[in-house]
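Read-outs: derived from the displayed coordinates by stated rules, not from any lab. Bear in mind that the values here come from a model prediction, so they are computed numbers and not experimental data. No Cβ is skipped: glycine too gets one built from the backbone with ideal geometry, and neighbour counts run over all protein chains shown.
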Amino acid sequence: MLGRRVDPSAARVELDGVLVPVAPGLVYYLLNKPDGVITTADDPQGRPTVVTLVPAEPRVFPVGRLDRHTEGLLILTNDGALAQLLAHPSHGVAKEYVAEVSGGTPAPGALRALRQGIELDDGPTAPAEVGVLAPGVVRLVIHEGRNRQIRRMCDAIGHPVRRLVRTRIGPVRDTGLAPGQWRHLTAGEVRALAAAAAPGAPPPGRRAEEPPDSGPAEAMPVE
């Protein structure tokens, strides 16, 4: 019904079948993480962390992790439900990376191996989308979230990563966001992320009082 009011603390709101986060106080930031910044809420060694690059209030947490020297897009939010949807490996949200590798452009056989799946010490990877952007520069899209997965895949084909940048999370990309800059995700981007993670799943909109992954930081996948 047009004009109908809802109680955001209790209502379940959908738009075209996708659940819409409406709880008050929820924020969604897209950050372009620079090299050398730690993806955690705080660091005992006093190194700069991603949360220092976004507003201090309300308190937010990163969704997933990028390792210290991996750059690129990272979502920070206090919406625990959406964070769990995006971070859970079973949901397979696509993540796109651009990797500058040593040893020049991988040979066709090496690229084919990446596309078919690479045998790593924790098992074979799922097939990846792979393309060559320039000599020694490879674009990869994966749907998994293992520790340092892209780096290990490239090591396995004999082309160690020299620089790694995440350029897309699900449907969200932003080529105009400079390193260290952030912006709010639009409502449409939040809905699209929820739909990409798990159509029809429990609604985004639960405030995160603790980091979305309750396990120890050492066990969280680092990409």
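For His69, the residues whose amide H sits under 5 Å from its own are Gly36, ignoring neighbours fewer than 5 places away on the same chain, with H placed 1.01 Å from N.
Take the Cα of Arg163, go 7 Å toward its beta carbon, and the backbone nitrogen atoms of the stretch 97-127 under 18 Å from that spot belong to 97-106. Put simply, the amide H of Thr49, placed in the peptide plane, has neighbours under 5 Å in Ile38, leaving out anything fewer than 5 places away on its chain. Gain on full extension, evaluated as 0.36 nm per residue between Thr52 and His69 minus their Cα-Cα distance, stands at 4.4 nm.
Along the stretch 120-128 the Karplus relation, 6.51 cos²θ - 1.76 cosθ + 1.60 evaluated at θ = phi - 60°, assigns HN-Hα couplings of 10, 5, 10, x, x, 7, 6, x, 10 Hz to successive residues, with x for each Gly and Pro. Sequentially through the stretch 103-117, phi angles give Karplus couplings (6.51, -1.76, 1.60; θ = phi - 60°) of x, x, 6, x, 5, x, x, 5, 5, 5, 4, 4, 5, 8, x Hz, Gly and Pro residues having no value and appearing as x. In order along the stretch 178-188, the phi-based Karplus estimate (6.51 cos²θ - 1.76 cosθ + 1.60, θ = phi - 60°) of 3J(HN,Hα) comes to 6, x, x, 8, 9, 8, 6, 5, 6, 4, x Hz; Gly and Pro are listed as x.
Taking amide H as placed 1.01 Å from N in the peptide plane, the amide H of Gly117 sits under 5 Å from that of Ala128, each at least 5 places away or on another chain. Working from label points 7 Å from Cα in the Cα-to-Cβ sense, the Leu120 to Glu144 distance is 0.5 nm.
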